Amino acid sequence: MVDAATSTPAAQGPLKGLRVLELGSLIAGPFAARLLAEFGADVVKVEPPARDGDPGGDPLRTWRKLHPEPGGTSLWWAAQARNKRCITVNLKHPKGRDIVLRLAAQADVVVENMRPGVLEKLGLGWDDLRAVNPSLVMVRISGFGQTGPLRGQPGFGAIAEAMGGMRYLIGDPDRPPMRANLSIGDSLAALHATMGALMALRHRDATGGRWDGKQGGEGQVVDVALTEAVFNLLESTLMEYDRYGIVRERTGTRLPGIVPSNTYRSADGEFVLVSGNGDAIFKRLMRAIGRDDMADDPQLADNPGRMRQADAIDAAIQDWVAQRSADTVLQIMRQAEVPAGRIYSIADIVADAQFQARGMLEQHALADGTPIKLPAVVPRFSATPGGTRWLGPELGAHNREVLHELGLDAEQIAMLGKDGVI
């Protein structure tokens, strides 16, 4: 476990000097900006100010478990907004629009996940931002993309998982499609958005732009649709359908077309996943469970042959696992060099020696001193690692700092507050 009080997470990172303006809320856009912030980018997150009884801020601030409860801030916020500088701006106010344009003029990247057309109505669309910064990279995340007949429709991650083809494949064959208890569609879109931003920056830099303020390269829009980010993970399903008319179906715990790879129940009631789908691994697995007959069967020497006898192979493994504890099963599998593991809950992850040894559980403190664990930053860099510099800030915590950097003095900032701009 990493203790933030004694460790020295890199305050620099490979993206030091990169300036990012976040105009997003909830999950996909903020997660993409978070990834950039974790590796050194200076991310300024714009949130709506509190006014007329509206508490303002990103709605994620009040999602799921809060601290303190009730009336506190989401524990999720501590990680989702870490390393970001948070300011409040009323985008519908002309002076608020001016602040955003001035920030965009100095930015390398703008990340937004509003419904297509919303920013254009506010005078903050691509043409408006490009006019003040031709080298800008604008990352736009939406349910269905910036074009097409569904462009204007709301599209949450759950809808993307359904329409992108993922939900159809999850669950048992005789039951309705299921979902993971996570926002997979949003997270996949965020990962594609981050990748797209970095590739667009590479192109900008190759055409003359730099992160030290001497811009001049070619900017562009990165258009990320949640549905397409999910669709991009469907492996060979399209080719199989196009060539053979095969629609891949739900298969429960079994991995279709790759045998054996399944979940088996041990004598003590735990579920263990065993993947013996390589030819040599399969032989080691079968010998480890005392089924030399299967290990030596020429009909099971390759995956196509094993697919034809998947039920018999699974039954043999399940019979063996059912007679042993999960610990014993895993010990024998490790000795045989067969990939296997428990299906972890978050409690199992926290207790696991491997996660602890890798420093995946950072120890921090909330604003009132309450200790809190955060997931560490990944991936790892040998020379310029990312890190957690601070947790998700309070609403408007960096208003004065950021506006002062734009050249506004204390009196001007106070007037913006009085006018309801910030």
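Specify the angular offset, from 0 to 90 degrees and rounded to the nearest 10, of the alpha carbon long axis of helix 184-206 from the longest principal axis of the alpha carbons in the chain.
It is inclined by approximately 60 degrees.
Mind sorting out which of (1) 0.97; (2) 1.07; (3) 1.16 is the real Cα Rg over 2.2 N^0.38 Å computed from the coordinates?
After the calculation, the listed value that fits is (3).
For Ile159, what accessible area in Å² do you get when you roll a 1.4 Å probe over the heavy atoms of the protein chains, rounding to the nearest 10?
Near enough 80 Å² of accessible area.
What accessible area per residue comes out for the chain, rounded to a whole number of Å², with a 1.4 Å probe?
51
Per DSSP H run of n ≥ 4, the term is -39500 (n - 2.57); total these for the chain, divide by its residue number, and report the mean residue ellipticity at 222 nm rounded to 500 deg cm²/dmol.
Value at 222 nm, helices only, nearest 500: -10000 deg cm²/dmol.
Can you list the aspartates and glutamates whose alpha carbon sits under 13 Å from that of Lys95, skipping same-chain ones fewer than 8 residues off?
Qualifying aspartates and glutamates at Cα under 13 Å: Asp419.
Of Ala367, Ile87, Gly196, which is farthest along the charge dipole of the chain in the positive direction, counting Lys and Arg as +1 and Asp and Glu as -1 at C-beta?
The listed residue farthest towards the positive side: Ile87.
Starting from the Cα of Lys373, draw a straight line to each of the lysines and keep only those under 16 Å, dropping any in the same chain fewer than 8 residues away.
The reachable lysines, counting only those whose Cα sits under 16 Å from Lys373, are Lys65.
Find the centroid of the Cα atoms in the stretch 318-354 and in the stretch 359-422, then give the distance between the two in whole Å.
Here the answer is 40 Å between Cα centres.
Length gain on complete extension for the stretch Ala158 to Ala367, per 0.36 nm per residue less the alpha carbon to alpha carbon distance?
72.0 nm
Residues in the stretch 91-115 near a label at Thr147, defined as backbone nitrogen under 15 Å from the 7 Å Cα→Cβ point?
Counting backbone N atoms under 15 Å from the label point, the list is empty.
Which cross-chain or sequence-distant (5 or more) residues have an amide H under 5 Å from the amide H of Glu22, H modelled 1.01 Å from N in plane?
Long-range HN contacts for Glu22: Val44, Lys45, Val46, Val111.
Using modelled backbone amide H atoms (1.01 Å from N, in-plane), which distant-in-sequence or interchain residues come within less than 5 Å of Gly17's amide H?
Correct list: Asp42.
What spacing in nm lies between the two simple spin-label points modelled at Asp296 and Arg175, each 7 Å away from Cα in the Cβ direction?
4.0
May I ask you to give the percent of accessible area on the stretch 318-422 that is carbon plus sulfur, with a probe radius of 1.4 Å?
Carbon with sulfur: 54 percent of the solvent-accessible area.
Return the distance in nm (one decimal) between the two label points of a simple spin-label model at Tyr241 and Arg102, each offset 7 Å from Cα along Cα→Cβ.
That separation, rounded to one decimal, is 5.1 nm.
Mind checking which aspartates and glutamates have their C-alpha under 14 Å from Lys84, skipping anything on the same chain fewer than 8 residues away?
Answer for Lys84, where 14 Å is the Cα cut-off: Glu22, Glu38, Asp42, Glu47, Asp58, Glu394, Glu401, listed by chain and number.
Less than 14 Å Cβ to Cβ from Leu191, Lys/Arg counted +1 and Asp/Glu -1: what total charge do the surrounding residues give?
Local net charge: -2.
Would you give the gap between the C-alpha center of the stretch 16-82 and the C-alpha center of the stretch 210-280, rounded to a whole Å?
Using only Cα atoms, the two centres lie 29 Å from each other.
Run the simple label-point estimate for Gln331 and Thr263 please: 7 Å along Cα→C-beta, distance reported in nm.
Those two pseudo-labels are separated by 2.5 nm.
The values are calculated or read from the model by the stated rules, or taken from the named source; none is laboratory data. This is a predicted model, so every value here is computed, not measured. Backbone-built Cβ (ideal geometry, glycine too); neighbour counts: all protein chains shown. For the accessible areas, the whole protein counts, side chains as well, though only heavy atoms, and no ligand, DNA or RNA atoms are used. Shrake-Rupley method; radii C 1.70, N 1.55, O 1.52, S 1.80 Å.
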